[in-house]
Structure formats: structure tokens, C-alpha cells
Amino acid sequence: VMAASKPVEAPGSSGTAGLSRWQLALVLGAPILLGAGAIYLWGRRAARRGKGASERKTPEGRASPGPGGDSGSGQPDGPGHEEMSPLGRAQAAKNKGNKYFKAGKYELAIQCYTEAISLCPPEKNLDLSTFYQNRAAAYEQLQKWTEVAQDCTKAVELNPKYVKALFRRAKAHEKLDNKKECLEDVTAVCILEAFQNQQSMLLADKVLKLLGKEKAKEKYKNREPLMPSPQFIKSYFSSFTDDIISQPLLKGEKSDEDKDKEGEASEVKENSGYLRAKQYMEEENYDKIISESTKEIEAKGRYMAEALLLRATFYLLIGNASAAKPDLDQVISMEDANVKLRANALIKRGSMYMQQQQPVLSTQDFNMAADIDPQNADVYHHRGQLKILLDQIEEAVEDFDECIRLRPNSALAQAQKCFALYRQAYTGSNALTVQAAMKGFEDVIKKFPKCAEGYALYAQALTDQQQFGKADEMYDKCIDLEPDNATTYVHKGLLQLQWKQDLDKGLELISKAIEIDNKCDFAYETMGTIEVQRGNLDKAIEMFNKAINLAKSEMEMAHLYSLCDAAYAQTEVAKKYGLKPPTL
């Protein structure tokens, strides 16, 4: 379910308005990673010296010096100095191995490096570590991953901050499918290289995503369904205007007795499960809606199509997409059902597919909805959001225009159109169109001063443009209009970090968000990210775990596991090597 009126979140980002994930990485200074590895956020402080991103393939030593980034590899002397000493003979064997390596004769290179290891005096740690590392490089060329890992381990034991050996072992662990060990090694490398080497950062990101996916798949299967907060549910339904099931009960649907005893759902006429479910919805008694809808469906009552759609919607809200899908399929296939119900089911199934990263199926559903109900503004509004996620900005703008044509008072569509135009201008680095888009926001908030989303999206654009003071004012306007919207407090908290590096104020605002909505996973996730910044890794892991238990989709959960695993890997690296990234 795409969260209500949250226009351009990544699928499954559970109500984080706008581009929070993308911005979060930028806010906290991540050098290149915008996905699962957004936890590698210390780049701004740590970035001091640039390292090349060249593949490390060559062994070390004079015959074939390795590329930069040896960081403590102990470059050994070339031949000539101690020709007759044991170390000199070991160096000579190593140099001969390097020549074989360069010629692609890896078996012979390995023999020479083995000889160098046996000749080298045991107290010469740095030299010995280089010989092991070189032999590992040769094994790597032969794809003997276990031997690579073993030799790198010897090299690291002799020289604990040996970047080349750690990175080579990380790659070997990746090949051996030892993801946890791979992550620890590559985390150490990232810290030692001050997050300047793109290769190691990309490997970290890759292994984090794999770990996250694996863990989320297992956890999501066995999770307890969880009803989101009333604020989230109301916000979700407010993003539909042509949605029959979320309209209040009509006068004729309430019984006479019920008028005397407002709120007693059992008195609803016809004893209809669907009408009872609707009554519960008005009372915000959301936990009973699925069971009441089920009674209507089992009785094949006159509101069966509505009940199926209502039940599917709540299955989606509690994160049970596999239960929602057959209900949505059934409504969509009901040729004689109200076309508004079918179109709404298609929008919801399309959003579900997008969350499951199936954009082709998603697009098909939205297109079918537009075909069967071309006057339905919701179709264009939600399809516009999908197009933004797919980076099809021009098509998104067309959809928002159609939504506005059908519903001229749709403040939401106007605000989202502005944001789409802003994104297009911002990514195209066109100063004039950026200015025009910013003016568009001013027009929207003037025309619709009561639309909180207009201020929220404008605030994100202002943050991008480094106009922090004005962005802060916009968030305050949002809070005035929607004091119970936890997400706004989280965004305002993030702004304090970017603007004033004020961690305490940031945390205070995010704590306020949790006070308002203790099921706001975005707040826990952001708090975890800040705790990483402060170096409180155990606290960060605790926050990420809270967010994991609240995640509304498997994809969202995978992202959170990645953050959690990254923080955990840092605690392990800190214990093993005494390495910690700089903190704010």
C-alpha cells in the first residue's frame, strides 16, 4: 500500500513523505550509497584523501608494485640489500613470483611465494604478511577461494590493518557465500579507507542488500500482522476521493434504533457484516473490520464486492499482501460490480505490485483502471506517483494534470505535480526551471493554504536548495495543520541535523514523533541512523529492530535489516580491530 498522500516515496517506505531515503543519505553525508548501504554515513567527516577505485589484482613488491591503498602493507625492500640474508632470499623468491604472476603463470607464482614464506624470518611480520597476501592474489586468479581466505587471514593476523588482505578476503568470503564475514571485512576496509574507495563501498552495499533480503524473507513470512496507527489509516484513505468503501455511512444505511444509540454497531439494519464493518470504521475500531467483512462475503450478501475490497484494503494495511491479492482479483473480475469498486481495486493491486518491485504488472493495472473508469481522478493521482517512482516525470505530470482537470480542487495533485517538476529540474541541474518549480510551490500554498502536503513537499525542495530556515517554517505550517502527523516531526528533526548539525534537537523532534505515533517505523529508523552518527551502535541496533517489527512490507524490512547489519558489523569491527568511524 503506498502510504496516504506520501507522493514520491520508494515503494514500501511506509509514509515517509517525498524522497526521504534518498535525502537521508545526502543529509548525513553518504558519499555514494543511496540504497541499503545508506548506513555508511560518515563520509563527510571521514573523507580526507581520495583513493582510486582500481581493481586490486597485482601482487606487491618491486617487480610489480601494487596500486595505491596499501595502507600499512609494509612495502618490502627490493633485491640487492640483503642478498645473502634469509630475508633477502625470501624477497628474491617473492620477486620471482611477481614476475610469474605478471606473466599469468599463477601455479609457479604460488610456488615462489610459498618459498618466500618458508625462508622469511618469523619476526618480520610485515614482509611475511605481504608474501601471504601475494600468494592469496595468485590463488584468487585460480579461483581457489578457500585458500585465498586462509592466506589473507594469515596476512591480517600479522598486519591487522592490512587493507589489501582484508578486501581480498572480503571478496573470497563473498564467493564462498559467507555474507556475515564478508560484511565485517568490507566494513573494516571502508573505515580504513575513509569511505573513499568506490569498489569496497559497492561490495558493502551489495552484501548488505543480500543479507537484508534473506533475513526479511524469513521474518516477513512469520511476522504477526500489525494494524497501523489510526493516523496512518486515515491518512491512507484520504489519498482516495472516488473510493466507495471509505465514504461515511449514508443516512439510509443506519437503522432507526442506531440513531438513538450512536456507536452501537450491532444495531445496524439488515444485520449486514459490511455495514457493521463500515460502522466500526467510523468508530476507528479497525481491528474488527476484516472479520465483519468476512461475514458479508461468506453470506454472499448484497455488499459482497464492497466487503471484498474493504477486507483486501485492510489486509494490505496490516502488511498481508498475499491475503489481499485474491480478494482484489475477485473484485476486478466482477464485470457487473460498480466500476468505481473495480478501479479502486486495480489502483490498490497496482500499488501492491509496485511495492513488490513488479513495475510492469503495476503499470498494467493502472492502465486498465484508466480504461474502465476514465473519469476517476484517483487513477491519475496514484498513477502519477507510480510514474515518479519509475522516473517517468513527464508522464507523471500528464497524470497529475488529468487529475487536476477532473478535480480542480485537488490540492494534493497540484502539490505533487510541483514536486515532479521540481525533481525534473533538480536532476537536470537547470537553475531556471528549478526557480519556476519553486514559484509553483508558492502558488500552491497560496491557493491551498490548508493542504499540509503542499508545505511538506515545498520544505523538501527548500532543503535541497539549502534554504533551511524557510524549510523549517514550512514544516511548522504542516504541524499546525496536522499536529498528529508523526512523519513531519521526523523530517523537521532531520532538517536540524543538516542545517545546524543539532543532534539533540533532531532526536527531541523524532522522540516527539514516536510519542504521537509509537508505530512510526520511519521515526525509529531515523533515530537509529542518528545513533550511528553519534557512535551509539547498540542503541542504533535497538532502534532498527523496533522499525523492523513495524515494517509494512518485505522490501521495507529488507532495507531496515541492511541498516541493522551494517551497524552490527561496525560493532564487530570495533571489537576486533579497535576501528571506529568518526562520529558527529
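Just a few scattered comments:
- Cα gyration tensor shape for region 379-487, rounded if a/c is under 1.5, else prolate or oblate: oblate
- Residue separation of residue 394 and residue 103 scaled by 0.36 nm, minus their Cα-Cα distance, works out to 99.4 nm of gained length.
- Rounded to whole numbers, the Karplus 3J(HN,Hα) couplings from phi for region 482-491 are 10, x, 9, 8, 4, 4, 4, 5, 5, 4 Hz, using 6.51 cos²θ - 1.76 cosθ + 1.60 with θ = phi - 60°, and x at Gly and Pro.
- Listed residue pairs exceeding 21 Å between alpha carbons, taken from 470/505; 217/325; 154/575; 219/519; 234/278: none
- The length gained by stretching the chain between residue 436 and residue 512 to full extension, at 0.36 nm per residue less their Cα-Cα distance, is 23.9 nm.
- Spin-label pair residue 143/residue 405, simplified geometry with 7 Å Cα→Cβ offset, distance in nm: 5.7
- Three-way shape call for region 116-184 based on the alpha-carbon gyration tensor, with the a/c threshold at 1.5: oblate
- Largest-first principal axis extents, alpha carbons of region 86-222, Å: 60, 27, 24
- The 3J(HN,Hα) values that the Karplus relation (6.51, -1.76, 1.60; θ = phi - 60°) gives for region 440-453 are, in residue order, x, 4, 4, 5, 5, 6, 6, 6, 10, x, 9, 8, 4, 4 Hz. Gly and Pro appear as x.
- Sulfur and carbon atoms: percent of accessible area, region 86-222 [1.4 Å]: 50
- Look at where the Cα atoms of region 188-209 and of region 404-425 average out, and the two centres are 39 Å apart.
- Using C-alpha pairs below 8 Å separated by at least 6 residues, the relative contact order for region 452-584 is 16 percent.
- Extension gain (nm, one decimal) between residue 218 and residue 291, 0.36 nm per residue minus Cα-Cα: 23.6 nm
- Förster radius 56 Å - calculated FRET efficiency between residue 271 and residue 360 (Cβ-Cβ, nearest 0.05): 0.80
- Exposure ranking of 402, 214, 556 by accessible area [1.4 Å probe, largest first]: 214, 402, 556
- The residues of region 333-476 expose, per residue, 42 Å² of accessible area to a 1.4 Å probe.
- Pairs exceeding 27 Å between alpha-carbon atoms, taken from 209/387; 288/477; 209/539: 288/477.
The values are calculated or read from the model by the stated rules, or taken from the named source; none is laboratory data. What you see is a predicted model, and the numbers here were worked out from it, not measured in a lab. Quick reminder, even Gly has a Cβ in these numbers, built from the backbone with ideal geometry, and neighbours come from all protein chains shown. The protein model used for the area step is the full one, side chains on, heavy atoms only, and it has no ligands, DNA or RNA in it. Shrake-Rupley method; radii C 1.70, N 1.55, O 1.52, S 1.80 Å.
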